[in-house]
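A.B. asks: Below: one structure in structure tokens.
The values are calculated or read from the model by the stated rules, or taken from the named source; none is laboratory data. Owing to the predicted nature of the structure, the values given are computational and were not obtained by experimental measurement. Neighbour counts run over all protein chains shown; Cβ positions are idealised from the backbone, glycine included. These area figures cover heavy atoms from the full protein model, side chains too; ligands, DNA and RNA do not enter into them. Shrake-Rupley method; radii C 1.70, N 1.55, O 1.52, S 1.80 Å.
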Amino acid sequence: KKKKKESNSPINKMAKAPESVLKKQAAQAKIAADALVAAKAAKKLHRANKKAFAARGAEYAAEYKATEKAAVDARREAKSKGGFFVPAEPKLAFVIRIRGIIGVSPKAKKVMQLFRLRQIHNGAFVKLNEATIRMLRLIEPYVTYGYPSLKSVKSLILKRGFGKVNKQRVPIGENAVIQDGLKVDGIDCVDD
């Protein structure tokens, strides 16, 4: 029997891949390179945003501290002069529903719907103005409300807050959700 001669050419040693596989590899390499560039850009943007949000938070903290100090100074001045200090009216209330639907008048039901208090133990922030204060007085037997501090507002938003992104209800766990959902309103982070 005769042995077949094997040629030592590089073409036979390395099997050529089909052209479709080569195209796919090239496309995947391009996608990977684009993803790497996008990831680097996102990381750089995240760093810049983090610095900006920290600066904005410090600015808000200084502003809150200044208003608190002004209120204390006004109270002390009024006391030293023998007068009274009347603090500013609160602008925000947190309302929680504490009773069910049995025996609720239609008008009170409608007001609770407007405040998004459809179930017992639901809560909502309400901006206080003359109309909302009247509504609160109407539904007082069914709800409890109070004036939250900055700390409680921030913790409630972070723990239980939701935003709408692409018509979906997404929990607010990070500032990216706030940026995507509320960019129109000029709100970029939790501090805003």
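A.B. asks: Do you know which of the residues in region 98-143 that are open to solvent by less than 60 Å² (accessible area, probe 1.4 Å) and polar (S, T, N, Q) is nearest to residue 157 (Cα to Cα)?
C.D. replies: Step by step, filter region 98-143, then rank; the result is 122.
A.B. asks: Another question, if that's okay. Among the candidates 91, 44, single out the residue that is of a type outside the set (S, T, N, Q), farther than 30 Å from residue 122 by Cβ, out of contact with any Asp or Glu (no Cβ under 9 Å at 6 or more places or on another chain) and open to solvent by 70 Å² or more (accessible area, probe 1.4 Å).
C.D. replies: Working: 91 fails: farther than 30 Å from residue 122 by Cβ.
Matching residue, one of 91, 44: 44.
A.B. asks: Given 107, 65, which one is in contact with a helix residue (DSSP H, G or I) (Cβ under 8 Å, 6 or more places away or on another chain), charged (D, E, K, R) and part of a helix (DSSP H, G or I)?
C.D. replies: Exactly one of 107, 65 is in contact with a helix residue (DSSP H, G or I) (Cβ under 8 Å, 6 or more places away or on another chain), charged (D, E, K, R) and part of a helix (DSSP H, G or I), namely 107.
A.B. asks: How many residues are open to solvent by 100 Å² or more (accessible area, probe 1.4 Å) and farther than 30 Å from residue 189 by Cβ when one looks only at region 47-76?
C.D. replies: 2
A.B. asks: Between residues in region 132-146 that are within 9 Å of residue 111 (Cβ to Cβ) and residues that are in a helix (DSSP H, G or I) and open to solvent by 30 Å² or more (accessible area, probe 1.4 Å), which pairs lie under 8 Å by C-beta distance while being six or more apart or on different chains?
C.D. replies: Listed by first residue and then by second, the contacts come to 135/114; 138/107.
A.B. asks: Now for a separate question. Checking residue 85 against (1) over 29 Å from residue 178 (Cα atoms); (2) assigned to a helix (DSSP H, G or I), which single condition isn't satisfied?
C.D. replies: Residue 85 satisfies all of (1) over 29 Å from residue 178 (Cα atoms); (2) assigned to a helix (DSSP H, G or I) except (2).
A.B. asks: In region 113-127, which residues are aliphatic (A, V, I, L, M), under 22 Å from the mean Cα position of the chain (by Cα) and in a loop (DSSP other than H, G, I, E, B)?
C.D. replies: Across region 113-127, the qualifying residue is only 117.
Table: residues versus (1) in contact with a His (Cβ under 7 Å, 6 or more places away or on another chain); (2) open to solvent by 60 Å² or more (accessible area, probe 1.4 Å); (3) at pLDDT 80 or above; (4) closer than 21 Å to residue 94 by Cα.
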{"residue": "164", "(1), (2), (3), (4)": "no, yes, no, yes"}
{"residue": "175", "(1), (2), (3), (4)": "no, no, no, no"}
{"residue": "179", "(1), (2), (3), (4)": "no, no, no, no"}
{"residue": "183", "(1), (2), (3), (4)": "no, yes, no, no"}
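One line per residue, one yes/no per condition, for (1) within 34 Å of the chain's Cα centre (by Cα); (2) at pLDDT 90 or above:
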position	(1), (2)
76	no, yes
81	no, no
87	yes, no
93	yes, yes
102	no, no
106	yes, yes
111	yes, yes
